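The values are calculated or read from the model by the stated rules, or taken from the named source; none is laboratory data. Every value quoted in this text rests on a predicted model; they were computed, and no experiment measured them. Note: ideal-geometry Cβ built from the backbone for every residue, glycine included; neighbour counts use all protein chains shown. Surface accessibility is based on the protein's heavy atoms, side chains included, excluding ligands, DNA and RNA. Shrake-Rupley method; radii C 1.70, N 1.55, O 1.52, S 1.80 Å.
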Amino acid sequence: MSGDHSHNEDQVDGGSRFNDKYKDKYKEKEHKHKDHKKDKEREKSKHGNSDHKDSSDKKHRDKEKMKHKDGSTDKYKDKHKEKRKEEKMKSLDGKVKKEKENGFASPLHLKSEPEDNFYHSPKHERSLKRERDDDNDTEFKPKKIKIENDKKAKKRKPEEDAKSKKTKNKKGEVADGKKKAKKEPEEKWKWWEEERYTDGVKWKFLEHKGPVFAPPYEPLPSNVKFYYDGKHMKLSPEAEEVATFFGKMLDHEYTTKDIFRKNFFKDWRKEMTPEEKAKITDLKKCDFNEMNDYFKAQSEARKAMTKEEKLQRKEENERLLQEYGFCIMDNHRERIANFRIEPPGLFRGRGDHPKMGMLKRRIRPQDIIINCSKDSKHPEPPPGTKWKEVRHDNKVTWLVSWTENIQGSIKYIMLNPSSRIKGEKDWQKYETARRLKKCVDRIRNQYREDWKSKEMRIRQRAVALYFIDKLALRAGNEKEEGETADTVGCCSLRVEHIKLYPENEGQEYVVEFDFLGKDSIRYYNKVPVEKRVFKNLQLFMENKEPDDDLFDRLNTSVLNKHLQELMDGLTAKVFRTYNASITLQQQLKELTSAEENIPAKILSYNRANRAVAILCNHQRAPPKTFEKSMQNLQTKIDAKRDQLSDAKRELKSAKADAKVRRDEKSKKSVETKKKAVQRIEEQLMKLEVQATDREENKQIALGTSKLNYLDPRISVAWCKKWGIPVEKIYNKTQREKFAWAIDMADDDFEF
DNA sequence: TAACTAACTTAGAAACCCTACG
DNA sequence: CGTAGGGTTTCTAAGTTAGTTA
């Protein structure tokens, strides 16, 4: 058997001696696996591999073997094989099925970042006045907030009005004691001009009103009936509530999926009375249609409400927002992101999620942990109830937490992205990425060196890092099989996810990636790689089954530990941030031309943004109405064209007329006509740009990168440089989130 | 060391709402 | 004035990362 392990050993062409210790360790781990099936599977695959003792394998093995001082093993990484195999048996076309229905198919290539300059990182590096080095620099002058300067005040006028309305309202807030403190300055607080906490403390004072619970269940009116096997059946309130969750979703594809139905039915039965349970044994015999109709009618009714009713609803919402949607954190009133507790319902996992359809139970006060300062006025639980706990932990940022019943994970209520606590973190994230910029050359040289390492784990680490850097892949943690959809990232890639082509379409050493990533979004890409990478991949894949891990000596923890050594604060995800931001900056430089008008410049911006979205594989399902809306737009364009030729014709005749008549009036008429033509031309151009933009955006989602990966200062600087109002790039919410960047970035900001 | 836990960021879909157009 | 449809907001799932525990 010992030989059977060989493929697991750390060894590379360099070869080395056999290592029995490792084998033992490996065995030990095996026994830790909870599932016996998995052990069996393990054995199976070992046998399978032993069959592959080809000469090259032998050669490697016999030569000096690379050792893994870390004693790393195959670890649990492949423990989940069995299930996957089973699934595959069931559906050979699993891939196709699993794929999201977003129509994504073709390899999207980032046109920029050509191979040849990949390792050249932009040189110019300059720091802004106010900037501080993210980690240790605290030499910030805590300026007191003053009036914003005129320019900005002007620019922000529209929202400012809205803002001040809000700030007025807040006077309603409790103003007791020293803590609550000084009246909020009416101007926007520039937290970025103040010093930060350094010691892991997130706040000194925190007060809030607790969460808003989901409204209690309202039983259906008696005329809305449920039928089982064609016969009316009155359900108990508990069973009825869960039934309505399903009834509401009848039009959704989920309800056609086997797993969803199975999970739902199982959980639903748990809520039934013994009688109901005895009777309702087959979901297919359940008729939820009246419920479905009822809820549809309800939403129609809501839409059809009178203005006053709508206004009333709005005001009620606003009241709730004012009361529960804000907290006081360190003397400032800050917006809470999700102050409403998630209502009960059926779990909607993405992709092929094994738990889809399970009942997400209602959260009650006794499930809730409150976090606030000791010296604050603690939120009251609803009458007759108790919180699970009230704690005062100022090393964390959340206000409320509870444990969710599907995955057993913890959910939190936290602050809005516009808040200081989120903003600082965001800013810091980009500063870390900028620090990476300074040393990325070194790191790239290093991993290129490591491709030649004698140690397998180092080679794997280096190749993985290359992918993360070049392709902006996610780190790829291991996941518990059967708990979530089968998706992967870089470190968890399996052999089946890549194909190697020594030569493909005229290019050498092409790797084809095809896997499901986060949210079960397909990643498909064909990329030429360096020869050494290619050879390494061949080596990593040797004697492995399709569902073996490509990087069996690597996981995210190992990788991140290594990265940490290369640069303080460096982790795998920093590469995504860095590459996204640097790409935007590069693309903006490349695509923006001074002569173009504003709409054209904005198109360029969107294209630069798009390059990033493609790099990060941010996709969306093409809107259902996409084709139609494209057509509509085309019709508009055609109409505009006609209008233009009409206007031109009129201009012509006006000109002719003016020539003959030579009077003021006809001259004027020419001028007007000229203007009209110009105006129409502009409109046409705008429409055409819009069409191009939309077409190019069909399956690409720009929002995610804009919100999470692109240093906003790059965009702000670009706007300032070209005289584009930031509003054209960022909507109100985005401007709130990026207020720090809008305030501090000048037109010469360099990422 | 690996498994587990906590905290926090990132993500696409769906719901909502506003506005331009007929 | 009604409405389509597109932008915005909300929702909550699904990741990453670091720290703790066994």
Heavy atoms only, probe 1.4 angstrom, no DNA, RNA or ligands counted: give me A:E431, A:E542, A:E194 ranked by accessible area, highest first.
A:E542, A:E194, A:E431
Largest first and rounded to whole Å, the semi-axes √(5λ) derived from the alpha carbon gyration tensor of the stretch A:277-416 read 33, 24, 14
For the stretch A:570-614, which trypsin sites (Lys or Arg not before Pro) are in a loop by DSSP, counting at most 12 other Cβ atoms within 10 Å?
none
5 Å is the cut-off here: which amide hydrogens, built 1.01 Å from N in the peptide plane, fall below it relative to A:Y523, excluding neighbours closer than 5 in sequence?
A:F515, A:L516, A:G517
Which residue, A:A654, A:V726, A:V716, has the largest displacement toward the positive end of the dipole of the stretch A:648-727 when charges sit on each Cβ (Lys, Arg +1; Asp, Glu -1)?
A:A654
Note the full-extension length gain between A:L283 and A:N477 as 0.36 nm times their separation in residues minus their Cα-Cα distance, in nm to one decimal.
66.2 nm
For the stretch A:433-446, just list the computed ³J(HN,Hα) in residue order, Karplus coefficients 6.51, -1.76 and 1.60, θ = phi - 60°, integers in Hz, with x standing in for Gly and Pro.
4, 5, 5, 4, 3, 5, 10, 5, 4, 4, 5, 5, 4, 5
Got a number for the accessible area of A:E671? Probe 1.4 Å, square angstrom, nearest 10.
90
In Hz, Karplus ³J(HN,Hα) per residue of the stretch A:736-746 (6.51, -1.76, 1.60; θ = phi - 60°; x = Gly, Pro)
5, 5, 9, 3, 4, 6, 4, 6, 9, 7, 9
With a point put 7 Å past each Cα toward its Cβ, work out how far A:K732 is from A:D375 in nm, to one decimal.
3.6
Just to confirm, what accessible area per residue do you get for the stretch A:415-457 at 1.4 Å probe, in whole Å²?
38
The ³J(HN,Hα) series, computed from each phi in the stretch A:329-345 with the Karplus coefficients 6.51, -1.76 and 1.60 at θ = phi - 60°, rounded to the nearest Hz and given as x for glycine or proline, is 10, 6, 6, 10, 8, 10, 6, 8, 6, 10, 7, 8, 5, 4, x, x, x
So which of A:K601/A:K673; A:K395/A:K437; A:K248/A:K732; A:K360/A:K386; A:K628/A:K648 end up more than 25 Å apart by C-alpha?
A:K601/A:K673; A:K395/A:K437; A:K248/A:K732; A:K628/A:K648
For the stretch A:651-751: Kirkwood Rh in Å [reciprocal of mean 1/r, alpha carbons]:
17.2
Once the Cα gyration tensor of the stretch A:552-626 is found, what semi-axes does its equivalent ellipsoid get, as square roots of 5 times the eigenvalues, in whole Å, sorted largest first?
34, 19, 7
Using a Förster distance of 60 Å, the FRET efficiency for A:Q322-A:D229 (Cβ separation, nearest 0.05)
0.75
With the full set of protein chains in place, find how many percent of the accessible area of the stretch A:602-751 is carbon and sulfur; take the probe as 1.4 Å.
50
For A:K531 and A:R442, what does the FRET efficiency come to when R0 = 22 Å and r is the distance between their Cβ atoms, rounded to the nearest 0.05?
0.50
Under 5 Å from the placed amide H of A:L415, counting only residues 5+ away or on other chains, we find A:A337
Any residue on another chain or 5+ positions along whose placed amide H is under 5 Å from the amide H of A:I700 is listed here as A:R620
Leaving ligands, DNA and RNA out of it, work out the accessible area of A:R348 with a 1.4 Å probe and give it in Å² to the nearest 10.
120
